[in-house]
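Read-outs throughout are calculated quantities, based only on the coordinates presented, and are distinct from any laboratory measurement. This one's a predicted model, so the numbers in the text were calculated from it and none came from an experiment. We place every Cβ from the backbone using ideal geometry, glycine too, and count neighbours over all the protein chains shown.
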C-alpha cells in the first residue's frame, strides 16, 4: 500500500538541545499509525515537525510531495489537520465559530454547512452548545471540539496529539470510537501520538516506539503489542 | 436655556467623541493583534488627511477623494506593517515603542517636508448652516461626523462579526498558532489589521480636520484623547474603546463649557491617570493574567 506520509532522517533541536535524532516512519494511505513513548520522548515534537510548527531538518513527504520546507498554514491547506497538544481551542469564540475556522480554507460553503451538521451528528453535545463560548466547555468537550474542528478541514491526514490526556475513560473511548469511524468511513489517514499504549495499539495498524528522540522499535501494531519489552514497560502486564 | 446648552454641548461632544472612538478603536485593533501600542496612529491619520487634501486640490469631488484616501490609507497601513513592523514583531516592548515613536517622527517630518507646516483649511462635506430642532441648534458638521462614525463602526462590527475574513482576523489575533493549523495566513491577517486601523484613522483625520485645521502636528492632542478613550474603555476591548471615545468626547466638551476651555486636555490626562489608578483594565477590558 502507498504511504500518505513518509518521514526520513527527521532532526529537530530547540536551541542547543536536540529532541529528535533522525527518526523515520510512515503512515499508510487510509491507515492509522501510532507513535508511542514516555513523556519527553519527542512525540509532540514529531507532530509539530510534520505540520511545520517547529524548524526541522530531514525529509517529510505528504502524498509524495516534500513538505519539510513549508509553513504550517500551507501544510494545513494541503489537507493535514493537526489537533495540537492543549487542543488549540479559540476560547473566546463560540463552538460554531471554532468549527467555521476549521473550514476557513475551504471555498465550498454549501458542503461546509453539510459538514457542520455531520460533525454535530458525531458530537451531539457540540450541537447543543453551538452558541456557547468554547472556553466554557469541559475538557472532554473541548477535545471533541478540537477533533471536530480538524475534521471541518476535510483532511486527508489527521495528526492527533494525546487525545486521551486528562480525560475520563468513557470520554476517551468515545473519542477513539469516533476516530475509528472517521478513518473507516471517510478514509482519513491518522497519525496518533499517545502515552496510553494499550488504547493506541488497539486502534492503529502500525506502531513506532520512540525513546529520547530515536525510534527503537517499529512494526505492525499487533506485533508490537506482543513484544515483551513493550508489554512490561508500556502496557503494564 | 441651560438644558438647550447642555444638549448642544453633548451632541458636539459626541461628534468629537466619534473621532476619539475611531482612533481609539484603531489603537485597540492593532494592540489586540500585535500587542503594539501604535503611537504613530495619529500621524498616519494626519498623513492620510493630507493625501485627501492633495486629491481635493486636484479637483477630485469630496466623496471620491474620501474613498480614494481610504484605499490609500489601507494600502499604506498594510505596507507599514509588512516593511517596518514585521521585522520587530515579538521583540521586547521597548523596541516596539521606539519603532512606533520613530515612525511618528518620520511621518510627521515627511508631511512637513512635502506639505510644509503652514496651517491649511480643510473642507467639510456637510452644509455650513446649523440645523435647528425645536429651540436647540446643532452644527451640521457635528451631526454628519456622528453619522459617518456610526456607519463606520457598524460596518466594522459587521465585518468582524459576520464575515469569514473578519473571523479569521480575530482568530489570528487571539491564537496565532492554532490559526496557522487552520490554514490562516496569520502574517497577512496582522497586516490587514494595520491596513484597517489606518483606514479608520484616515476617516477620523478627514472628519476632524475641518474643525482643527490641517497641519502636520494636528493629531497630537487628538491622539491623547484617543489614548484616554482606549484606557477608559479598556485597551483589550474594541467595544470599550468606542464607548470610551464617546464618553471622553462628551466629558471633555462639558468640562470645557462649564469649567473652562483651558482644562480640556487636562481632563483627558486626568481620565487616563484616574482609570489607571482605580481600574487599570478599563470599563470593559479584562485584566491580563500571565503565568510566569
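A few comments on the model shown:
- Taking one quarter of the surface of the convex hull spanned by the alpha-carbon atoms of chain A gives a direction-averaged projected area of 12.6 nm².
- The Cα atoms of region B:19-218 cover 57, 40, 29 Å along the three principal axes, with the biggest extent listed first.
- Theoretical FRET efficiency, 1/(1+(r/R0)^6), r = Cβ-Cβ of residue A:21 and residue B:283, R0 60 Å, to 0.05: 0.65
- Alpha carbon Rg of the protein assembly as shown, scaled by the compact-globule rule 2.2 N^0.38 Å: 1.18
- Using a Förster distance of 25 Å, the FRET efficiency for residue A:185-residue A:94 (Cβ separation, nearest 0.05): 0.35
- Extending 7 Å from the Cα toward the beta-carbon at both residue B:119 and residue B:217 defines two label points whose distance is 1.1 nm.
- Length-normalised contact order of region B:143-209 in % [C-alpha pairs under 8 Å, at least 6 apart]: 23
- Region B:19-218: relative contact order in percent, alpha carbon pairs under 8 Å with at least 6 residues between: 44
- Linear extension gain, residue B:82 paired with residue B:276, 0.36 nm per residue minus alpha-carbon span: 66.6 nm
- Global geometry of region B:157-292, whether rounded, prolate or oblate, following the gyration tensor of its Cα atoms and the 1.5 cut on a/c: oblate
- Helix A:109-122 vs. chain A, principal-axis angle (Cα, 0 to 90°, nearest 10): 70
- For chain A, modelled as a GNM whose springs connect Cα atoms under 10 angstrom apart, the maximal fluctuation among A:162, A:223, A:211 occurs at A:223.
- Across chain A, the mean sequence separation of Cα contacts (distance under 8 Å, 6 or more residues apart), normalised by length, yields a relative contact order of 27 percent.
- Gain on full stretching of the segment that runs from residue B:98 to residue B:10 - 0.36 nm per residue minus C-alpha separation: 28.0 nm
- Rounded to two decimals, the Cα radius of gyration of region A:66-110 over 2.2 N^0.38 Å is 1.31.
- For chain B, built as a Gaussian network whose Cα springs stay under 10 Å, the top-fluctuating residue of B:64, B:198, B:111: B:64
- Note on A:105-116: average number of Cβ atoms from other chains within 10 Å of each residue's Cβ is 1.
- Residue with peak Gaussian network fluctuation, chain B [Cα springs, cutoff 10 Å], from B:252, B:262, B:35: B:262
- Within chain A, DSSP assigns beta bridges of which about 55% are antiparallel (rounded to the nearest 5).
- Computed from the C-beta positions of residue A:173 and residue B:35 and an R0 of 51 Å, the FRET efficiency is 0.80 to the nearest 0.05.
- Reported to the nearest whole Å, the Cα centre-to-centre distance from region A:202-237 to region B:32-65 is 63.
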